[in-house]
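Asker: Below is a structure I'd like to ask you about.
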Amino acid sequence: MTSAATSVSPTETTDAAGDREVALSQIQPAAPEEADLRLFKEIVRALPSAVTVQDEHGRFVFVNDAAAAQYRLPPLATDADGNLPLDRRRLDGAAVLARGQPGTCEERIAFGGPARALLTAHKPVEIAGRRLLLSSSLDVTEQKAIEDELFRRSYYDELTGLPNRAVIERHVTALLDDQRPCHFALAFLDVDNFKHINDYYGHSVGDELLVGIAKRLSLELRDRDVLSRISGDEFLLLLDPVTSEAEVADHIAFLLQRLKAPFFIGDTEVFASASIGVSLYPEHGRSYEALRQNADIAMYRVKSNAKGALAIFNIAMEREALERMAVEQSLRQAILDKRFCCAFQPKVDIRTNEIQGIEALVRLRDDNGVIQAPGSFIDLAVELGLIDELTHLVLGEIMKSIDLINLAFGESASISVNVAAKQAGSPDFMRSFCEALAATGSPTRFMVEITEDAFVTKGPFQAEILPMLRKIGVGLSIDDFGVGYSSLSALADITADEIKIDRSFITDIHKRPRSQGILRAIESLSDALGMTVIAEGLETFEELAYLQAMTRIRYAQGYYYARPIFLEELPQTTSTFVTARTDAPGRQIEQARQSLIGTSYARR
């Protein structure tokens, strides 16, 4: 059966038998090829994909409905020369035809609104002796949006919009792979005390501060410089190219100065600083990892000194880093092996010479059995997050030796345990520590010593942790009072049981009038708030004589009475420092001191 098109001729009249008039069309059959072509055009016009055809001059000879809607044109609308007024970016149909190769390209179109992304395939064809370019387009706007979002999340920091670690590593690697001689610098930047800022002002302010820092650091980046946020408060800055170490130092000093200006976040004025370490290529490494690590080492040198400054890497820093790593590994192993012990230093009533309490001081036995003072490992334990386990070990050592402690110092002597400020602000740790203290059966005998900075932040100490201690009856002591973040308002809220005056106020107190005035003020404050005062660092008879004659202070702790004592080395038990002579109190104390110091436990 052949499909045909019909046309209608003038009407004609039927014969008399039908007695009616019929209008007939004179049918002219169409060529089969023309009918097939018309059907094909209708099918292509109805396709959901945008389809266009261009001739060898780049003129559009066909546009289907989807393409017309996509490009906002009426179908087959042409100008006087038969050209469709259609602008397709980055597409020259004549050039594609000349190459004779099919291809795919990505196009973007916009008509005063959001841009649309198109994926267009082009194929040169020859039909009826004519060279034509057949093009088909799909709208991939949504897919491209998803791809762009995934790309952004993979390679850019969500908070600051800066490139992430992978991007800057790629840039540095590309520079290293480049054959041309080049010199560049990698700067490792860490925001100082960022955790304290987060704890005091809240995480939203901390986030805004990071955004502000990123903006300031980005202000004068050159075309080939790259600033990246690689973790919470850490940034990497690639400076490319550089000509000298002095040039880098000047630029970093300028950045540090810029960061010193206050950041205004809402109604809050925040001050921040950063510590920056720098490594140079090729002097300080020939791989990304080596350069980053050496810049990191230099930054930690700044952190351990003054903060808020710059250090450029050198070989001595590498040796120090290796030594630090050795200490770190040794500390971890020591905690695993429980190679910690406790020494005890008495707190003495300077009027009656009775031992009022003792402070437990942690010591580490190294691989050779040598005792190490806490100055060599406590700060590192805090930094590495090992201090919680270490504090529980100290409490365990105390309880293992409780019988010896009672025998040596008396069952009524209080036992002070030091807790780092970082621990004091952690409800999770303090909850577990309070449970451990309660499990001893005599929590009221314990005194927790915490430095001042734990009391004055907006952390959970006063709201959550202080009630835990009060509930089980544990005493609270402010350690090293006067040299930290002394806050009288915080002190009034907390009402600690004990204030330990830092040794810097006690040393040579008998000949320092200004320290005497401060001491009288602290004494009056403690009397008003009902707190006991302990004078730390008492070392000479003159210092003791001044405290006895000129103050109402009752208790002292220091080398005048005894250095930290190891229980197994005590020669005998004693709960006072009184000798047989009663006519010379000062001499009694001095003799007791000599008897104690003469023993082998008087070691740091």
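The values are calculated or read from the model by the stated rules, or taken from the named source; none is laboratory data. All figures in this text were calculated on a predicted structure; none of them were measured in a lab. Every residue, glycine among them, receives a Cβ derived from its backbone with ideal geometry; neighbour counts consider all protein chains shown. Keep in mind that these areas ignore ligands, DNA and RNA; they rest on the heavy atoms of the full protein, side chains included. Shrake-Rupley method; radii C 1.70, N 1.55, O 1.52, S 1.80 Å.
Asker: Taking the conditions exactly as written (closer than 30 Å to Ile534 by Cβ, touching a Ser or Thr at 6+ places or on another chain (Cβ under 7 Å) and not acidic (Asp, Glu)), does Ala360 satisfy them or not?
Answerer: Yes: the conditions hold for Ala360.
Asker: A further question on this structure: Output the number of residues of segment 228-280 satisfying the condition of being in a strand (DSSP E or B), in contact with an Asp or Glu (Cβ under 7 Å, 6 or more places away or on another chain) and either more than 17 Å from Leu310 (Cα to Cα) or of a type in the set (Asp, Glu) (or both).
Answerer: Selection size over segment 228-280: 3.
Asker: Can you find a residue in segment 522-533 that is surrounded by fewer than 19 Cβ atoms within 10 Å (Cβ to Cβ), on the phi < 0 side of the Ramachandran plot, within 41 Å of the chain's Cα centre (by Cα) and assigned to a helix (DSSP H, G or I)?
Answerer: yes
Asker: So which pairs qualify, if the first residue must be in segment 418-435 and under 17 Å from Thr451 (Cα atoms), the second must be of a type in the set (Val, Ile, Thr) and open to solvent by 30 Å² or more (accessible area, probe 1.4 Å), the Cβ gap must be under 7 Å, and the two must be at least 6 apart or on different chains?
Answerer: Ala420/Val382; Ala421/Thr451; Lys422/Val382; Gly425/Thr457
Asker: Among the residues of segment 416-428, write down those that are open to solvent by 30 Å² or more (accessible area, probe 1.4 Å) and closer than 15 Å to Val474 by Cβ.
Answerer: Correct list: Asn418 only.
Asker: Going through segment 409-437 one residue at a time, which ones are assigned to a loop (DSSP other than H, G, I, E, B) and more than 25 Å from the chain's Cα centre (by Cα)?
Answerer: Gly410, Glu411, Ser412, Ala413 - these are the residues of segment 409-437 that are assigned to a loop (DSSP other than H, G, I, E, B) and more than 25 Å from the chain's Cα centre (by Cα).
Asker: A further question on this structure: Of everything in segment 105-120 that's in a loop (DSSP other than H, G, I, E, B) and within 39 Å of the chain's Cα centre (by Cα), which residue is farthest from Leu138 (Cα to Cα)?
Answerer: Pro114
Asker: Okay, moving on. In segment 124-151, which residues are within 26 Å of Arg72 (Cβ to Cβ) and in a loop (DSSP other than H, G, I, E, B)?
Answerer: Correct list: Val140 only.
Asker: Another question, then. What are the pairs, 6+ residues apart or on separate chains, where a residue within segment 557-569 that is within 21 Å of Phe340 (Cα to Cα) and in a loop (DSSP other than H, G, I, E, B) has its Cβ under 7 Å from a residue that is hydroxyl-bearing (Ser, Thr, Tyr) and open to solvent by less than 50 Å² (accessible area, probe 1.4 Å)?
Answerer: Short answer, once both residue conditions are applied: Phe566/Tyr601.
Asker: Report, by residue number, each residue of segment 64-75 that is closer than 16 Å to Ala121 by Cβ and crowded, with 20+ Cβ neighbours inside 10 Å.
Answerer: Those that are closer than 16 Å to Ala121 by Cβ and crowded, with 20+ Cβ neighbours inside 10 Å: Asn64, Ala66, Ala67.
Asker: Here's something else I'd like to know. With Val278, Val270 as the choices, which residue is over 20 Å from Leu227 (Cα atoms), open to solvent by less than 10 Å² (accessible area, probe 1.4 Å) and touching a helix residue (DSSP H, G or I) at 6+ places or on another chain (Cβ under 8 Å)?
Answerer: Val270 is the lone residue from the list that is over 20 Å from Leu227 (Cα atoms), open to solvent by less than 10 Å² (accessible area, probe 1.4 Å) and touching a helix residue (DSSP H, G or I) at 6+ places or on another chain (Cβ under 8 Å).
Asker: With respect to Pro114, is the statement that it is under 30 Å from Ala214 (Cβ atoms), out of contact with any Ser or Thr (no Cβ under 7 Å at 6 or more places or on another chain) and open to solvent by 80 Å² or more (accessible area, probe 1.4 Å) true?
Answerer: Yes, satisfied.
Asker: What pairs come out if I take residues in segment 394-415 that are more than 20 Å from Ser477 (Cβ to Cβ) and pair them with residues that are surrounded by 14 or more Cβ atoms within 10 Å (Cβ to Cβ) and at pLDDT below 90 whose C-beta lies under 7 Å away, six or more apart or interchain?
Answerer: Sorted first by the residue in segment 394-415, then by its partner, the pairs are Ser401/Leu567; Leu404/Leu567; Ala408/Leu567; Ala408/Leu570.
Asker: Restricting attention to segment 313-329, does a residue exist that is over 18 Å from Glu568 (Cβ atoms), in contact with a His (Cβ under 6 Å, 6 or more places away or on another chain) and at pLDDT 90 or above?
Answerer: Checked against the condition, which is being over 18 Å from Glu568 (Cβ atoms), in contact with a His (Cβ under 6 Å, 6 or more places away or on another chain) and at pLDDT 90 or above, segment 313-329 yields at least one hit.
Asker: Do we have Ile509 as modelled with pLDDT of 90 or more and either under 22 Å from Pro564 (Cβ atoms) or among the aromatic types (Phe, Trp, Tyr) (or both) here?
Answerer: no
Conditions tested, residue by residue: (1) in a helix (DSSP H, G or I); (2) surrounded by 15 or more Cβ atoms within 10 Å (Cβ to Cβ); (3) charged (D, E, K, R); (4) under 27 Å from the mean Cα position of the chain (by Cα).
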| position | (1), (2), (3), (4) |
| --- | --- |
| Thr352 | no, no, no, no |
| Gly357 | no, yes, no, no |
| Arg363 | no, yes, yes, no |
| Ala381 | yes, yes, no, yes |
| Asp388 | yes, yes, yes, yes |
| Thr391 | yes, yes, no, yes |
| Val394 | yes, yes, no, no |
| Glu397 | yes, yes, yes, no |
| Leu404 | yes, no, no, no |
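Asker: May I ask you to list the residues in segment 329-339 that are open to solvent by 30 Å² or more (accessible area, probe 1.4 Å), among the hydrophobic types (A, V, I, L, M, F, W, C) and touching a residue at least 12 places away in the same chain (Cβ under 8 Å)?
Answerer: none
Asker: Determine whether segment 592-601 contains at least one residue that is open to solvent by less than 50 Å² (accessible area, probe 1.4 Å), assigned to a loop (DSSP other than H, G, I, E, B) and at pLDDT below 90.
Answerer: Yes, there is a match, as at least one residue in segment 592-601 is open to solvent by less than 50 Å² (accessible area, probe 1.4 Å), assigned to a loop (DSSP other than H, G, I, E, B) and at pLDDT below 90.
Asker: Could you please find all residues in segment 281-296 being part of a helix (DSSP H, G or I) and under 20 Å from Ala253 (Cβ atoms)?
Answerer: Correct list: Asn294, Ala295, Asp296.
Asker: Still on this structure: For segment 339-350, enumerate the residues that are farther than 20 Å from Ala549 by Cα and part of a strand (DSSP E or B).
Answerer: Residues satisfying the conditions are Phe340, Cys341, Cys342, Ala343, Phe344, Gln345, Pro346.
Asker: Quick one: count up the residues across segment 286-328 that are open to solvent by less than 40 Å² (accessible area, probe 1.4 Å), touching a residue at least 60 places away in the same chain (Cβ under 8 Å) and of a type outside the set (D, E, K, R).
Answerer: Matching residues across segment 286-328 total 7.
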